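Single-structure report; data block below.
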Amino acid sequence: MALQKLNHAERAEALTQLPGWTHEPTRDAITKTFRFKDFAAAWGFMSQVALAAEKADHHPEWFNVYNRVDVLLTTHDCDGLSKRDVALALVMEGLAG
Ligand code: HBI
């Protein structure tokens, strides 16, 4: 079954569960900047997320500099936000501590 984009109501509902995440309308994506105590903590976060992303077959677009990780989640297969992005964001929230 093709992955469906979230509608406005579903997206708004999802964002109420995702502290610090914002909608990026130009990509129909959600974004967040995570900050950690140092690079090792940031890298550890990315390593754990990477394993979860691989398991889910759903991968972030992200940028890391030192203790900062900028994350953008969108679903390439439907060119917009899907439930897979919300699920991965929730995993990230759990791993970020
Ligand atoms: N990750 N964010 C994101 N969006 C996708 O559509 C996607 C992915 N990881 C793997 C994946 N799709 C596979 O299903 C293939 O489409 C590459």
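Here, each number is a calculation from the coordinates, and none is a lab measurement. All of these numbers come straight from a predicted model, not from anything done at the bench. Cβ coordinates were reconstructed from backbone atoms using ideal geometry, including for glycine residues, and neighbour counts include every protein chain displayed.
D for the chain, whole µm²/s, Stokes-Einstein with Kirkwood Rh over alpha-carbon pairs at 37 °C and 0.692 mPa s: what number?
This corresponds to a translational diffusion coefficient of 242 µm²/s.
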Practice task
Post the alpha-carbon centroid distance, the range 50-97 to the range 1-29, in whole angstrom.
Solution key: 13 Å
Practice task
Enumerate the calculated ³J(HN,Hα) couplings along the range 14-23 in order (Karplus 6.51 cos²θ - 1.76 cosθ + 1.60, θ = phi - 60°), each rounded to whole Hz, writing x wherever the residue is Gly or Pro.
Solution key: 4, 5, 5, 9, 10, x, x, 8, 10, 7
Fill in the blank from the handout: Given unit charges at Cβ for Lys, Arg (+) and Asp, Glu (-), the dipole magnitude of the chain about its Cα centre in debye, nearest 20, is 240 debye
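Per the helix-only calculation at 222 nm, which mean residue ellipticity applies to the chain, given -39500 (n - 2.57) for every DSSP H run of n ≥ 4 and division by its residues, nearest 500 deg cm²/dmol?
It comes out at -13500 deg cm²/dmol, rounded to the nearest 500.
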